[in-house]
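The values are calculated or read from the model by the stated rules, or taken from the named source; none is laboratory data. Keep in mind that this is a model prediction, so the values were computed, not measured. Here the Cβ positions follow ideal geometry from the backbone for every residue, glycine too, while neighbour counts run over all protein chains shown.
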Amino acid sequence: MNTELNEIAKVWPDIQPIFSVPHNEKDHLKLVNLLDNLTDEVGNNENHPLASLMETIGTLIETYESQNLDELEGDPIGALNPLMEEHGLKQSDLSEIGSQGVVSEILSGKRQLNVRKIKMLSKRFKISPAVFI
């Protein structure tokens with residue numbers, strides 16, 4: 001085993017739960033909570049030292065969800081419409097992400113969701129932020 005693998009083998013038992021695709025809802029929720037915390041820490045800063053970790057955790061969550069959860073069809077913005085319908089919401093009900101005009105621009109694709117809005121939507125609908133990434 002080369003030196004790099006030896007070093008990984010030493011720390012793997014401690015980090016394995018973080019860097020593995022979850023296999024049950026409990027592990028999935030742990031990763032979602034970790035991603036929420038990373039989102040708070042990293043924000044939109046692509047140069048943050050933990051930015052790539054946020055991307056990795058998002059990918060692991062996405063892998064679990066694609067295998068285990070019903071998929072919302074469409075792009076991230078397209079996922080918002082069925083969620084709003086399911087919860088009986090209008091554009092004005094999403095004031096936490098902006099005015100009705102901002103929400104309209106997001107739904108029409110004229111404006112992108114940022115990390116802060118994704119976090120708010122994931123908390124509002126109690127779903128993974130990966131739905132909107």
Task: Where a residue in segment 113-127 is at negative phi and touching a residue at least 24 places away in the same chain (Cβ under 8 Å) and its partner, wherever it lies, is buried (at least 19 other Cβ atoms within 10 Å of the Cβ) and hydroxyl-bearing (Ser, Thr, Tyr), with Cβ under 7 Å and at least six apart - done: Val115/Thr39; Lys119/Thr39; Ser122/Ser128
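Return the only residue of Leu5, Leu29, Leu38 being crowded, with 16+ Cβ neighbours inside 10 Å and assigned to a helix (DSSP H, G or I). Explain how you work it out, then say what you get.
Working: Leu5 fails: crowded, with 16+ Cβ neighbours inside 10 Å; Leu29 fails: crowded, with 16+ Cβ neighbours inside 10 Å.
None of the others qualify; the one that does is Leu38.
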Open item on the list: Quick test of your reading of the structure: Asp93 fulfils all but one of (1) charged (D, E, K, R); (2) over 27 Å from Ile57 (Cβ atoms); (3) in contact with a Leu (Cβ under 8 Å, 6 or more places away or on another chain). Name the failing condition by number.
Closed with: (3)
Open item on the list: Being among the polar types (S, T, N, Q) and within 15 Å of the chain's Cα centre (by Cα): is that true of Thr3 here?
Closed with: no
Task: Residue ID - modelled with the lowest pLDDT, chosen from residues in segment 67-86 that are surrounded by fewer than 11 Cβ atoms within 10 Å (Cβ to Cβ) and outside any helix (DSSP H, G or I) - done: Glu73
- [ ] Spot the failing condition for Lys123; the list is (1) surrounded by fewer than 14 Cβ atoms within 10 Å (Cβ to Cβ); (2) among the charged types (D, E, K, R); (3) in contact with a Ser or Thr (Cβ under 9 Å, 6 or more places away or on another chain); (4) part of a helix (DSSP H, G or I), and only one is missed.
- [x] (3)
Open item on the list: Among (1) in contact (Cβ under 8 Å) with a residue 24 or more places away in the chain; (2) of a type in the set (Val, Ile, Thr); (3) within 20 Å of Glu25 (Cα to Cα), there is one condition Thr59 misses while meeting the rest; what is its number?
Closed with: (1)
